[in-house]
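A short write-up of the structure that comes next.
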Amino acid sequence: MHPISKAIRTQVDRTNEMEHSQPMFLTSSFCFDNAEEMRAAFADESDDNIYSRFSNPNVQEFVDRMCALEGTEAGFATASGMSAVFASFMTFLKQGDHLLSCRSIFGSTHTVITKYLPKYGISHSYVDAGDVGSWEAAIQPNTRMIYIETPTNPALEVIDLEAVAALAKKHQLLLCVDNCFATPIAQRPIEFGADLIIHSATKWIDGQGRVLGGVVLGNKKLVHEVYLFCRSTGPSLSPFNAWLLSKSLETLEVRMDRHASNALYLAEKLEGHQQLNWVKYPHLPSHPHYAIARMQMTNGGGIVCFELKGGIDSGRKFLDALTMLSLTANLGDTRSIASHPASTTHAKLTDAERMAVGISAGLIRISVGLENRDDILADILQALDKC
């Protein structure tokens, strides 16, 4: 069965009523018929649900559907994308270990790596996303994991997954890939050799800006370790959020097809605009990593970036001039969103740190929604005229 069909048809723990849609299991704990049944559950001799911090039918359905889409054996759902990131780090890294990461990453992930992991004695090195050939020199004897985003947030750099996976395998390192921007519709990192896949389900997976959620996916052995960490520390996904996210997965492919087609149209129309230095989109031929993007991504995703010539002042004028696009910190919504990373998501970085990851003062990130593509373009064009 095709992964899309499998994900849509997956359902767990049906009741005797045989509901066509999974009911909600809004409960903190689950009851047992007898002492032996309860003992077996706590001894991991059965798959019975015990407590919703450990497992829940709604959460399990969401995880099973994500596994079907990504092609993995197992997964564990978390309360947010950042809790998925942190759980992956803390499960597999210990005092004295070293993490190798691409330099261009989400601002909060950068904060975890640079501010909080050192408190646990975990060091790191950053490498340039576009120069995978130089990464091997950054590997240290105590390196345990390679962490990457591709495409990166917000600079839209595309990393050669096959090359990085080969490097990780050569040095017996875990490869952890944040696949949030691409989604499993456009890219399945497991097929290129990734060990762990992370999503902020808050974004395209939900697709409507309603709830927070995250998930870590991989083989059963690795995910079981993540499960043990999260079972004790508690970054669990709520059953209600899981129910919403699971339903959202049923429309993920059709939504992402529209997001991607709208984004490509927008990028093509904006390229060469007199107010812009450049436009970047993975499936735009001018993208510096276009060949890699075409090889490993079936579409370019739903994010378009461009740089205003006027710098930070023009960036603020642009946002203020928009009449339809939303100004919010989120992305991956049905509604198009504009953001200015230098003054928002990456504002805590120094100017030098921002430039090192391709975030200039005039960089604008557009999360392209499902509105009519000409309406999206018209709002951006009129705003550019006022910069």
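None of the figures in this text is laboratory data; all of them are computed from the coordinates on show. Remember, predicted model here, so these are calculated numbers, not experimental data. Note that each Cβ is placed from the backbone with ideal geometry, even for glycine, and that neighbours are counted across all protein chains shown.
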Using a cut-off of 11 Å between beta-carbons, work out the net charge of the residues near E307 (Lys and Arg +1, Asp and Glu -1, E307 not included). +3
Restricting the count to DSSP beta bridges whose residues both fall in the chain, what percent are antiparallel, rounded to a multiple of 5? 55
Helix 220-233 sits off the longest principal axis of the Cα atoms of the chain, rounded to the nearest 10 on a 0 to 90 degree scale, by 90
So who's got an amide H within less than 5 Å of the one on S200, skipping anything under 5 residues away but keeping other chains? H placed 1.01 Å off N, in plane. C180
Between H171, H98, H283, which gets the highest mean-square fluctuation from a Gaussian network model of the chain, Cα cutoff 10 Å? H171
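What does the charge count near D385 come to, summing +1 for each Lys or Arg and -1 for each Asp or Glu among other residues with Cβ under 15 Å from its Cβ?
On the way: positive: K269, K309, K317, K386; negative: D320, D379.
Local net charge: +2.
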Of the listed peptides 113-122, 85-94, what is their order by residue-averaged count of other C-beta atoms within 10 Å, with the highest listed first? 85-94, 113-122
Amide H partners (placed H, <5 Å) of H124, local residues excluded: L99
What distance in nm lies between label points placed 7 Å from Cα along the C-beta direction at S286 and N142? 4.6
Find out how many positive minus negative residues lie around G362, taking Lys and Arg as positive, Asp and Glu as negative, among other residues whose Cβ is under 11 Å from that of G362. +1
Amide proton proximity set for T143, modelled H, under 5 Å, gap of 5+: H98
In cubic angstrom per residue, the convex hull of region 25-180 built on its Cα atoms measures 146
Estimate the FRET efficiency between M1 and K115 by the formula 1/(1 + (r/R0)^6), using the beta-carbon distance for r and 45 Å for R0, to the nearest 0.05. 0.50
3J(HN,Hα) from dihedral phi, region 364-372, Karplus parametrisation 6.51/-1.76/1.60, rounded to Hz, x for glycine, proline: 10, 10, 10, 8, 7, x, 9, 5, 4
Taking the chain as the reference, fit the longest principal axis to its C-alpha atoms, fit the long axis of helix 239-249 to the helix C-alpha atoms, and give the angle between the two in degrees, 0 to 90, nearest 10. 60
Packing-ranked peptide list from 174-184, 248-258, highest mean Cβ count within 10 angstrom first, is 174-184, 248-258
If the viscosity is 1.567 mPa s and the temperature 4 °C, what Stokes-Einstein diffusion coefficient in µm²/s follows for region 194-299 when Rh is the Kirkwood radius over Cα pairs? 78
Stretched out fully, how many nm does the piece from A329 to D385 gain, at 0.36 nm a residue minus the Cα gap? 17.8 nm
In Hz, Karplus ³J(HN,Hα) per residue of region 76-86 (6.51, -1.76, 1.60; θ = phi - 60°; x = Gly, Pro): 9, 8, 10, 6, 7, x, 5, 5, 5, 4, 5
Helix 252-270 axis, angle to the chain major axis (alpha carbon atoms, nearest 10°): 10
H273 and K220 label points (each 7 Å along its Cα→Cβ direction) are spaced in nm at 5.2
